[in-house]
Amino acid sequence: MNSFISMIRNGYSDTIPVWFMRQAGRYLKEYNEKKGRMTIKEICMDPELIAGISYDPVRILNVDAAIIFSDITIPLEALGYKIEFLPGGPRIINGYIKNHDMKDIIYFEESNFKYKIYDAIKIFKEKYHFPLIGFSGGLITVLSYIIAGGPDSNLNLTKRSMLSDDKFNDYINIIKDMIIKYIRLQVRAGVDAIQIFDSWLGYLSPQTYENYIKGHIEEILSEINVPVIYFSTGTSSIIEKLSRLNVDYISVDWRLDMKLARSMVNKKGLQGNLDPLIAAYNLRYALKETSDIINAAGRSSYIFNLGHGVIPETPVENLKHIVNFVHNFNQ
């Protein structure tokens with residue numbers, strides 16, 4: 001059995017599984033050649049291309065799982081939001097600031113979702129017969145994009161809306177519904193697991209997380225019937241609370257010591273957490289930290305990953321060496 005599948009289902013495998021967030025990205029010349037001048041949205045209209053881009057890291061790096069190529073903002077277009085991808089990240093043209101009353105914004109329906117993610121997943125599974133992770137943005141992270149119109153520094157605009165705007169619950173409900181339906185679509189297409197990317201969750205206080213967001217996250221998770229990995233950053237103060245969610249693995253960033261994380265997540269699995277910059281700029285030290293991380297996390301219920309996505313400057317050879325090191329750890 002593939003080590004990723006064995007680990008995420010059973011908590012054990014003969015070798016430690018490894019994959020990387022943003023493993024299909026700009027650091028790969030194969031990705032850049034396939035992408036050319038195409039936009040993310042144009043790529044997401046071509047299911048064969050999505051499947052091929054998603055599989056490239058498996059072939060090149062020898063990772064143990066692929067993740068479907070897409071973007072967390074892509075399903076927002078089915079709600080009526082207009083998205084542009086700019087160098088600094090996606091921008092929502094008709095978000096909260098310009099469209100506070102949510103004019104022409106509707107609930108997610110698959111018939112309104114034009115991107116070929118479902119077809120790409122089907123093609124990937126039929127063509128490559130390899131573990132595939134689907135994904136969605138986390139609730140507060142996706143909300144922050146539509147409220148701020150793009151990345152929301154420190155969640156300032158999002159928290160202001162959360163605390164003072166009567167319409168915030170309308171935004172919560174429509175995004176929660178979208179996340180549930182978009183995950184169902186991917187599960188139905190055949191993904192083996194789901195990762196939720198809640199990169200901005202750490203900007204909430206523990207009390208705000210409990211009082212405003214946790215219940216909605218629990219609703220989302222109750223609708224998922226494949227293994228779930230929950231990724232967030234800056235959440236060391238609530239990691240124990242996150243471990244009580246109905247998830248299988250907690251993916252942590254590089255700022256949390258893995259031994260401490262293991263003591264805080266009860267019996268949940270762990271994923272992470274090498275600093276992406278270390279992986280990019282100092283292979284020798286990256287391998288030392290990788291060893292320290294694995295020793296701290298332990299071999300059971302553990303998936304090796306970075307603490308965030310691969311950065312574009314990362315040498316492919318560095319990641320190959322890291323994968324090989326993890327696979328041969330204590331063999």
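No other residue among ASN225, ASN282, ASN266 is at pLDDT below 95 and either out of contact with any Phe, Trp or Tyr (no Cβ under 9 Å at 6 or more places or on another chain) or under 19 Å from MET21 (Cα atoms) (or both) apart from ASN266. Contact annotation: residue pairs with Cβ atoms under 7 Å, 6 or more positions apart or on different chains, pairing a residue in segment 26-40 that is touching a residue at least 60 places away in the same chain (Cβ under 8 Å) with a partner that is surrounded by fewer than 16 Cβ atoms within 10 Å (Cβ to Cβ) and among the hydrophobic types (A, V, I, L, M, F, W, C), are TYR27/VAL316; LEU28/VAL316.
Can you tell me which residue in segment 71-96 is surrounded by the most Cβ atoms within 10 Å (Cβ to Cβ), limited to those that are in a helix (DSSP H, G or I) and among the hydrophobic types (A, V, I, L, M, F, W, C)?
LEU76
Reported count of residues in segment 232-271, each being of a type outside the set (S, T, N, Q) and in contact (Cβ under 8 Å) with a residue 60 or more places away in the chain, is 3. Cβ-Cβ distances below 7 Å connect the following pairs, each with a first residue in segment 99-116 that is among the β-branched types (Val, Ile, Thr), a second residue that is outside any loop (DSSP other than H, G, I, E, B) and surrounded by 17 or more Cβ atoms within 10 Å (Cβ to Cβ), and a separation of six or more residues or different chains: ILE105/LEU79; ILE105/ILE174; ILE106/LEU79. The residues of segment 7-49 that are within 20 Å of the chain's Cα centre (by Cα), surrounded by fewer than 18 Cβ atoms within 10 Å (Cβ to Cβ) and over 30 Å from PRO90 (Cα atoms) amount to a single one, ARG9. For segment 188-229, filtered to residues that are without any contact (Cβ under 8 Å) to a residue 60 or more places away in the chain and of a type in the set (Gly, Ala, Ser), the residue that is nearest to TYR118 (Cα to Cα) is SER222.
Restricted to segment 145-157, and to residues there that are over 9 Å from TYR96 (Cβ atoms) and part of a helix (DSSP H, G or I), the residue that is modelled with the lowest pLDDT is SER153. Whether any residue in segment 85-107 is at pLDDT 95 or above and out of contact with any Gly (no Cβ under 6 Å at 6 or more places or on another chain) is what I want to check. Yes: segment 85-107 contains one or more residues that are at pLDDT 95 or above and out of contact with any Gly (no Cβ under 6 Å at 6 or more places or on another chain). Would you check if there is a residue in segment 51-70 being within 18 Å of LEU139 (Cα to Cα), surrounded by 18 or more Cβ atoms within 10 Å (Cβ to Cβ) and at pLDDT 95 or above? Yes; the residues of segment 51-70 include at least one that is within 18 Å of LEU139 (Cα to Cα), surrounded by 18 or more Cβ atoms within 10 Å (Cβ to Cβ) and at pLDDT 95 or above.
Selection of segment 300-329 for residues being part of a helix (DSSP H, G or I) and either among the basic types (Lys, Arg) or touching a residue at least 40 places away in the same chain (Cβ under 8 Å) (or both) yields VAL316, LEU319, LYS320, ILE322, VAL323, ASN324, VAL326, HIS327. For segment 4-23, a residue qualifies if it is out of contact with any Ser or Thr (no Cβ under 6 Å at 6 or more places or on another chain) and not acidic (Asp, Glu), and the qualifying residues are PHE4, ILE5, ILE8, ARG9, ASN10, ILE16, VAL18, TRP19, PHE20, MET21, ARG22, GLN23.
Mind listing whichever residues of segment 201-228 are more than 17 Å from VAL142 (Cβ to Cβ) and in contact with an Asp or Glu (Cβ under 9 Å, 6 or more places away or on another chain)? Hits for segment 201-228 are VAL226, PRO227. Scanning segment 17-57 for residues that are within 27 Å of MET7 (Cα to Cα), of a type in the set (A, V, I, L, M) and either part of a helix (DSSP H, G or I) or touching a Gly at 6+ places or on another chain (Cβ under 6 Å) (or both) yields MET21, ILE50, ALA51, ILE53.
The values are calculated or read from the model by the stated rules, or taken from the named source; none is laboratory data. Since the structure is predicted, the reported quantities are computational estimates derived from the model, not experimental observations. For neighbour counting, all protein chains shown are included, and Cβ atoms are generated from backbone atoms with ideal geometry for every residue, glycine included.
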